[in-house]
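Trainee: Right, I'll just put the structure down here and ask away after.
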Amino acid sequence: MVGLELDHGSVGEFQRLIEERARRVPLQHLTGSAPFRTLELRVGPGVFVPRPETEAVVDVALAEIDRLLGLGVAVPRIVDLGTGAGTIAASIAAERPQCDVHAIEVSEAAAAWAALNFSRLPQHAAQVRLHVQDLRDFEQDGFDVVVSNPPYIPPSMVPTEPEVHEHDPRTALYGGERTASRCPAR
C-alpha cells in the first residue's frame, strides 16, 4: 500500500474543504471549476453553476448554426442573453469557431466569471464579445441565433437543495416579475 503524507497546512486545508462541503457549499465553488461539454469552466460565488441540462440548449443552438452554415451563411451571428458564467456562449465559440458570438450579462459578478472563461477558450475558438449591460438595452438586430437559459423558477417555489437556494444568484434562478418582497431571502 502506497501512503501519501500531507503536511500540516494541507491537512488543515483539506479539513476546511470538508467542513465547507458539509455546509452544502457547491463542490464546483470549492474546486473553482465545472466541466461542461468540451470545456472546464471556472465558477464560484456570484454565478450560477452550469447544469447538465443546459447541454440540450447548446445542442439546439448548434443544430440551428449547422442549418445556417448549410444554407451558406458564412459567419452566423449568435447572442447569448443572460450568459452567467458564459457556459452557452463559450461552448458555441469552442464548437463552432466560424461564428460571431456575443454574450450579454447584467451582473458584474457573473460577467467577471464569463470574462475569465472566455479568456481561457481553446486557441481555435471564436472570440466572444461580452456586453455587461441589461439585455433590454442591448441592440439585438442582426443576430441569426438568439439563445438563453433564463431564470425560470417562480419566486414562490424555492428550490429545496441548499447548494441552489443558498449559493446560486437569485437573479439566475427566479423568473417572472420580481420585487425584493417576492424574491426568497437567502
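Trainee: Considering only DSSP beta bridges where both residues belong to the range 32-150, give the percentage that are antiparallel (nearest 5). Please list the in-between numbers first.
Mentor: Details: 4 of 18 bridges.
Restricted to the range 32-150, the bridges split so that about 20 percent are antiparallel.
Trainee: So how far apart, in nm, are the two label points at S156 and A74 if each is 7 Å from Cα heading toward Cβ?
Mentor: Distance between label points: 5.4 nm.
Trainee: Using Cα pairs closer than 8 Å and at least 6 residues apart in sequence, work out the relative contact order for the range 32-150, in percent. Show your work: numbers first, answer last.
Mentor: Working: 231 pairs, mean separation 35.0, N = 119.
Taking the mean separation of contacting Cα pairs over the length of the range 32-150, I get 29 percent.
Trainee: Simple spin-label model, 7 Å along Cα-to-Cβ: E40 to F14 in nm?
Mentor: Here the answer is 2.1 nm between the modelled labels.
Trainee: Let me ask you something else. Could you let me know the centre-to-centre spacing of the range 126-157 and the range 70-90, using Cα atoms, in angstrom?
Mentor: After rounding, the separation between the Cα centres reads 10 Å.
Trainee: Is the shape of the range 1-159 best called rounded, prolate or oblate, per the rule: a/c under 1.5 gives rounded, else a/b larger than b/c gives prolate, else oblate, with a ≥ b ≥ c the square roots of the Cα gyration tensor eigenvalues? Don't skip to the end; give the middle numbers.
Mentor: Numbers: a/c = 2.45, a/b = 1.78, b/c = 1.38.
Because a/c hits 1.5 or more and a/b exceeds b/c, the range 1-159 counts as prolate.
Every read-out reported here was derived from the displayed coordinates using simple, explicitly stated rules and does not represent laboratory data. Fair warning: this is a prediction, and the values are worked out from it, not measured in the lab. Virtual Cβ from ideal backbone geometry, glycine too; neighbours counted across all protein chains shown.
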